[in-house]
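Working notes, beginning with the structure itself.
Please treat every number below as a calculation from the coordinates, not as lab data. None of the values given here were measured: they were computed from a predicted structure. Here Cβ is always computed from backbone atoms with ideal geometry, including for glycine, and neighbour counts include all displayed protein chains.
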Amino acid sequence: MASYYYRFSKALIMLCLTCIVLITQAQSQTWSLLQAPKEITLKLIRDPVTLSLASIDYGHIVHDNPFAIFAPSSISDISLLINFSNSLAIPITIAPRGQAHSVHGQAMTNHGVVVNMTELNGFRNGDGIVVVVDDTTIGPYADVGGEQIWIDVLHATLERGLTPLSWTDYLYLSVGGTLSNAGISGQTFRFGPQISNVHQLDVVTGKGDLVTCSAENNSELFYAVLGGLGQFGIITRARIALGPAPTRVKWLRLLYNDFSAFSGDQEHLISFNGINETNAADYVEGFLLQNQPPLDLSFYPEPDQPRITSLVTQYGIIYVIELVKYYDNSTQEHVDEDVKLLVERLKFFPTFMFEKDVSYEEFLNRVHADELFLRSQGLWDVPHPWLNLFVPASRISDFDEGVFKGIILQQNITAGLVIIYPMNRTKWDDNMSAVTPHDDVFYVVSFLRSTGFDKLEEFKAQNRQILQFCANAGMGIKQYLPQNKTREKWEEQFGPKWKTFKQRKAQFDPNRILSPGQGIFN
């Protein structure tokens, strides 16, 4: 018994010493910041309201309190801040923050400095997006500040009859933010993720250097930053590939009760993935209609909604393929025939195909209407315990049985929006930091939940159950927008890329100050 108390007392003393060290370090960082050069201290914001806003993100799950918010008036200000941090015995952690649409504190820092990237809009003087049409070497492109949001990129390029090729489903995200992850949507199967459509970057590294990089010049940094979760540098400019913009889209939804038919048809649709193929779909996604309230049927004609509800009630889960074909004045004459050819061999429920004809911009910006509705109902600024996975195609049927039917359908928790669609691994560049499963085809599966704080723990527990099921089944999944808590899990996430990832961190951010909210090295 005496030995037990001795060990307990020793552990308690060590814990207290650790706490003292952490408090001392935080106080030292605070004092160091207050002694920073005037060019830095004048741009530090410490009022309680601003600090509180920077301590939360879209997820409303993690809360980290920064010491200050940094409002840069130029790119060189960011370099100055990073260089100052590196000069300290105990460097200050630095978290770039764009639209703060992360869901698990990825754009936060505890006692460090959050860089408000949106402040660079003033520095740009309206030149945050520059569209170049006549480059004969690489074709049209847009030079875009990392702080810019994709909806503004869309508007600027459409004015010139052009468009980026790859998107995210939600356009009110910063360019630097999506490129730090990958940037995926229903176009990814054909054009690759957004990181596969970048010609060049300007990056402020974790050493404070401003570097222009591409696949040809400073390529190690270029590949590191794309999909690098903010670990190697802060993206201040991206050169985005553009192509001709369509004007309108045929937007279809096809309903299935059989998962193998649903997934087989999705994989068939993405097999036509050449950039210039005229017979290919332009967008392929999918999602679940589940026998859980609320059932969102707003897309469908009102007279058809009762029979769709009946179908969902009968089968428990209905799988929906979302399929889009773009067109313009020159292709309008035969777009209906193109759509007919795309769907004629698909195995969806007869008479359960629904179609809309909308503008290109209206389709790409479709989620914004949902946002405005949710904001009006007070349902936007609530916890979002999201889970985003990449699942190998070879195991997607097991995932359906074990997760969709075995966990989601059986538990009395509203699942919210569940998205599922395949993409081709050949459209991803393995030199980049982003990781995918090894199968040639893999699926995005996203559980996009919104909930009250009273139900948050139930959703988090369900997420853990899903991840545990996948681990026990040896599925070889990867997380997209990962939320790992341990070094072991991060090593598992990156797999064979972990060694390179660590080496790049040591090369470009040796003091490990950037994006501590990811929890990889801090």
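If I take every Cα pair under 8 Å that is 6 or more residues apart in the stretch 130-245, average their sequence separation and divide by the length, what percent do I get for the relative contact order?
Once divided by the residue count of the stretch 130-245, the mean separation gives 32 percent.
Regarding the stretch 130-245, what is the average projected area of its C-alpha convex hull, in nm²?
Result: a mean projected hull area of 6.7 nm².
Pairs K325/K499; K405/K455; K207/K485; K325/K502; K405/K478: which exceed 30 Å Cα-Cα?
K325/K499; K325/K502
Starting from the Cα gyration tensor of the stretch 441-522, take the square roots of the eigenvalues, sort them a ≥ b ≥ c, and report rounded, prolate or oblate (rounded when a/c is under 1.5, otherwise prolate if a/b is larger than b/c, else oblate).
Oblate is the answer for the stretch 441-522, as a/c is 1.5 or above yet b/c matches or exceeds a/b.
For the stretch 165-179, just list the computed ³J(HN,Hα) in residue order, Karplus coefficients 6.51, -1.76 and 1.60, θ = phi - 60°, integers in Hz, with x standing in for Gly and Pro.
After applying 6.51 cos²θ - 1.76 cosθ + 1.60, I find 8, 10, 10, 9, 5, 10, 9, 8, 10, 7, 4, x, x, 6, 5 Hz.
Which shape class, rounded, prolate or oblate, goes with the stretch 360-399 when its Cα gyration tensor gives a ≥ b ≥ c as root eigenvalues, a/c under 1.5 marks rounded, and past that a/b bigger than b/c marks prolate? Provide the component values of the computation, followed by the final result.
Working: a/c = 4.37, a/b = 1.68, b/c = 2.61.
It is oblate, given that a/c is not under 1.5 and a/b is not larger than b/c.
If packing is taken as the average number of other Cβ atoms within 10 Å across a peptide's residues, how do 63-71, 127-135 rank, most packed first?
Values: 63-71: 19.8, 127-135: 14.4.
Going from most to least packed, we get 63-71, 127-135.
Can you give the calculated 222 nm mean residue ellipticity of the chain, where each DSSP H run of n ≥ 4 adds -39,500 (n - 2.57) and the sum is split over every residue, rounded to the nearest 500 deg cm²/dmol?
-9500 deg cm²/dmol
For I234, list long-range residues whose amide hydrogen, built 1.01 Å from N in the peptide plane, is under 5 Å from its own amide hydrogen.
The answer is V204, T205.
Mind listing the Cα extents of the stretch 194-250 along all three principal axes, in Å, largest one first?
Taking the Cα atoms of the stretch 194-250, the three principal extents are 48, 22, 15 Å.
Sort the following peptides by mean Cβ neighbour count (other Cβ atoms within 10 Å, averaged over residues), highest first: 214-222, 141-149.
141-149, 214-222
How would you classify the stretch 270-399 from its alpha-carbon gyration tensor, with a ≥ b ≥ c the square roots of the eigenvalues: rounded for a/c under 1.5, else prolate if a/b is greater than b/c, otherwise oblate? Don't skip to the answer; put the middle values down first.
On the way: a/c = 1.45, a/b = 1.32, b/c = 1.10.
It comes out rounded by the Cα gyration axes.
Taking Cα atoms, how many degrees apart are the long axis of helix 75-86 and the longest axis of the chain, rounded to 10 and kept between 0 and 90?
Compared with the principal axis, the helix lies near 50 degrees.
Residue by residue through the stretch 367-381, which ³J(HN,Hα) values in whole Hz follow from phi under the Karplus form 6.51 cos²θ - 1.76 cosθ + 1.60 (θ = phi - 60°), with glycine and proline marked x?
6, 5, 4, 5, 4, 4, 5, 5, 4, 5, 9, x, 10, 9, 8
Using every Cα-Cα pair within the stretch 351-490, state what percent have a distance larger than 23 Å. Please report the intermediate quantities before stating the final value.
Working: 4557 of 9730 pairs.
Across the stretch 351-490, Cα pairs with separations above 23 Å total 47 percent.
Please state the relative contact order of the chain as a whole percent: Cα pairs under 8 Å, 6+ residues apart?
So the answer I get is 16 percent.
In degrees from 0 to 90, rounded to the nearest 10, what is the angle of the helix 2-34 Cα long axis to the longest principal axis of the chain?
So the inclination is approximately 90 degrees.
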